[in-house]
Structures are given as structure tokens and as C-alpha cells.
Amino acid sequence: EKEGYQHFMIKEIHEQPKGVHETLMRRLDKDHNIVLDGIKLTKEDLEKINKVYIVACGTAYHAGLVGRYAIEKFAKIPVEVDVASEFRYRDPFVDENTLFIAVSQSGETLDTLAALREAKRKGARILSVVNVVGSSVARESHDVFYTWAGPEIAVASTKAYTTQLMAMYLIALNMASTKGTMSKEDYSKVVAELKTLPEKIEKILGDIDKIQHQADAQFSNESVFFMGRGLDVNVAHEGSLKLKEISYINSFAIAAGELKHGTIALIEDGTLVIALATQDHLYEKMLSNIQEVKARGAYVLAVAKEGNKEAEKTADVVMYIPDTTDELTPILSVIPLQLFAYFIAVARGCDVDKPKNLAKSVTVE
Ligand code: F6R
């Protein structure tokens, strides 16, 4: 069932254009309006909502971080994102004016389910973004958005993440159009751009050899650090998690602006730094962060938009993603990071689909 691929993970990485396409196209009517069948939030419901909590674990939490940005930007509602194991024990401000969004591939993650129950008990409206149809999280929610990723077998989540991102954009846009917080024109522009993403993911997958080559040159590193600003820092966290869970390399991610506040002390000759520089309004700032680490001897792999070639002057290697608007880059910029993690793990001889100590579905605390 790996259909000729060496591992489920690489098969699932390749299934992303299709998954993202399905998640989107099943929700667009013939006039390109977003129609969310499983979500019954009316204009009155939304007017009441004064706060959104997005709660999840691991990769799904990273999708939630991007969701926050989309909901705040498009629908203008304040959003907090929390990991489920923290949320459920910290007595958060949740009431009947709260929208609680649970994000979960399996729909069976114990902490996420417990957080959902706690929020429900306090009167929140519960919306879930889930991949597995009929799972516990889906069953216990008022509204459900199914990501159409198809079964995800590899422990490391890839296609679930990109379809969760698409889900978050669609939910945010749908809220925005219901609430009237976005002009018809801006809304149509974002929807049109969303439609280009599957093809753009395909294009990045076409550069696979270049990424494999980089991974083959870098696999013996014992630590790697990821940095970015704005939305990129969320993707940096996801790239870092992917790398550590399947290759066992000690990796972590920081907001690049935090470098000077501590982390730069770790940079020495040859330290591998993955720098995400896809946000136009933060590009210059990222270039100076790249210079800072370069000046201390780091080897920098940057991820940038095709249109921004400046990074080549400072970074050692640049992996390009096709141009898109700043808000939508995470669906693209994560792809080279998934591939990088995959090829590094393969080069290190790791059991890619079944990393040690990890289970696909975490149904215990
Ligand atoms: C990482 C990974 C985990 C899951 C997390 C949540 O690649 O797969 O971090 O994202 O355990 O699982 P779900 O989404 O099933 O709730």
C-alpha cells in the first residue's frame, strides 16, 4: 500500500497537493463561496463570540498557531492558542461567548478531548477540525470541519498538517464573510490564491533532489536550529518537531528577534541554521538575523519566495517556494522542511514511519 514509495511518510508528503485540493474544493460552490456543511455558526452566533481558543497537541497545535493569525486577520476576533495538556489544567476564561476550536488528526488525542470536554462544560461552542470521520473529538463537537487528507499512517504528521492549515483558512474566511469583516474583493482574492496552492506544492515537490542533496550533506549534525519571524516562526516550530521526531537530532525553533536574548550564544562554526524568510514585510529583518548567525560561523539554509533572491547573498543555500501572499506561505514553506527531515532521517538509517517512543494516536496522558 506504499504504492512504490519507500515509506508512508514520503508517500503522504506527495499526497499533499491532492489533500489540500480536496479540502478546499469540497467547500467551494460554483460561485466560489465557501460553504461549510458541518458548521452551523450563524451571524448571530458569531456576533456573540468575543474570544476564540484553539487547542491541540503537537503538529495540530502548530496548525492552530497559523489559525490564530488567519482568524484574527480575516474575522477580527481575538484568538488564544494553547496546547491541550496546559489548557485543561489552567482554568482558562471560557464561557458561552467563547468559540473553542479543537484541532486533531486522529480525533482521539486524550488531552485534546479532555480540554474540549472542559470547555463544553463551561458553555463554549465547540468546533473541531478533524481528519478521522466519526472520531471522539468529532462526535463531541457542535460543529465539525473534516480535513480530507485520507488516512495518515506515518507517525510524523504531514498531509494532516497542510490540510489543517487549509481548514483554518477556510474557517477564518467563512467567519469573515458571515461577520462582514472583509470586503468581497479581498475575500475573492484570498480564495483565488488558495486555489493555486496545490499546484505550487507540486512545484516544490519537483525540487526534491535539491533538498535531498542538502539533507545528505547535513545529516551528521547533532543539533539544528530553526528561526523565523511572524508566520514563519510557527512553521519553524513544525519543521523542528518533524526533524527531531524522526531523526533524533536535537533541534529547536525560535523567533529570530529572540536571537540576541540568548540563543545566539549557541552559534559556532558550522552550526546548522534553517532560516525561514518568506514574509515580505519582515524580509529585511530576517536577512539581518541571517547575517548575525553567519557572522558567528553558522551554515544557513534559508527558505524564501522565488521572487526574493536577496537571501542568496547571505545564506549558504536558499530553498525556494513559489510566490504567494504572506498569509498563505505556511502551506508551502513547510514542504521543504518535511522533505529535509525525511531525507535526513533516511540518511541516518532511522525507522522513519515508526520513530522510537512515539505512537500515532496518544490516547493516554
Ligand atoms: C507530529 C505528530 C504529533 C501529533 C499530535 C496530535 O508529527 O504527529 O505531534 O500532531 O500527537 O495528534 P492528533 O492530531 O491526532 O490529535
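The values are calculated or read from the model by the stated rules, or taken from the named source; none is laboratory data. On a predicted model such as this, the values are computed, not experimentally measured, just so you know. We place every Cβ from the backbone using ideal geometry, glycine too, and count neighbours over all the protein chains shown.
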Does Val66 meet the test of being within 21 Å of Glu327 (Cβ to Cβ) and within 22 Å of the chain's Cα centre (by Cα)?
yes
Being over 23 Å from Ala114 (Cα atoms) and aromatic (Phe, Trp, Tyr) is the filter; apply it to region 34-76 and report the residue that is farthest from the ligand (Cβ to nearest atom).
Phe74
Filter region 285-334 down to the residues that are of a type outside the set (A, V, I, L, M, F, W, C) and farther than 28 Å from Lys189 by Cβ and list them by number.
Ser288, Asn289, Gln291, Glu292, Lys294, Arg296, Gly297, Tyr299, Glu312, Lys313, Thr314, Asp316
Can you tell me which residues in region 69-88 are in a loop (DSSP other than H, G, I, E, B) and either within 14 Å of the chain's Cα centre (by Cα) or under 16 Å from Ala176 (Cβ atoms) (or both)?
Lys76, Ile77, Pro78
Under 7 Å by Cβ, and 6 or more places apart or on different chains, what pairs join a residue from region 98-118 that is part of a helix (DSSP H, G or I) with one that is at pLDDT below 95 and more than 9 Å from the ligand (Cβ to nearest atom)?
Leu110/Thr363; Leu110/Val364; Leu110/Glu365; Asp111/Arg88; Asp111/Glu365; Ala114/Arg88; Ala115/Arg88; Glu118/Arg88
Hey, does region 143-154 have a residue that's over 17 Å from Ser361 (Cβ atoms) and away from the ligand (no atom under 16 Å from the Cβ)?
yes
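Would you check if His237 is surrounded by fewer than 19 Cβ atoms within 10 Å (Cβ to Cβ) and either at pLDDT 95 or above or in contact with a Lys or Arg (Cβ under 7 Å, 6 or more places away or on another chain) (or both)?
Numbers: surrounded by fewer than 19 Cβ atoms within 10 Å (Cβ to Cβ): no; either at pLDDT 95 or above or in contact with a Lys or Arg (Cβ under 7 Å, 6 or more places away or on another chain) (or both): yes.
Answer is no for this residue.
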Please enumerate the residues belonging to region 89-122 that are closer than 14 Å to Asp143 by Cβ and of a type in the set (A, V, I, L, M, F, W, C).
Leu99, Phe100, Ile101, Ala102, Val103, Leu116, Ala119
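Residues being crowded, with 20+ Cβ neighbours inside 10 Å and without any contact (Cβ under 8 Å) to a residue 60 or more places away in the chain: count how many of those fall in region 75-97. Step through it out loud before you land on a result.
Kept after step one, since they are crowded, with 20+ Cβ neighbours inside 10 Å, are these residues of region 75-97: 75, 79, 81, 84, 87-88, 92, 94.
This time we only want the ones that are without any contact (Cβ under 8 Å) to a residue 60 or more places away in the chain, so: 79, 81, 84, 87-88, 92, 94.
Residues that pass the stated criteria total 7.
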Restricting to region 130-181, give me the number of residues that are out of contact with any Asp or Glu (no Cβ under 6 Å at 6 or more places or on another chain), of a type in the set (D, E, K, R) and in a helix (DSSP H, G or I).
2
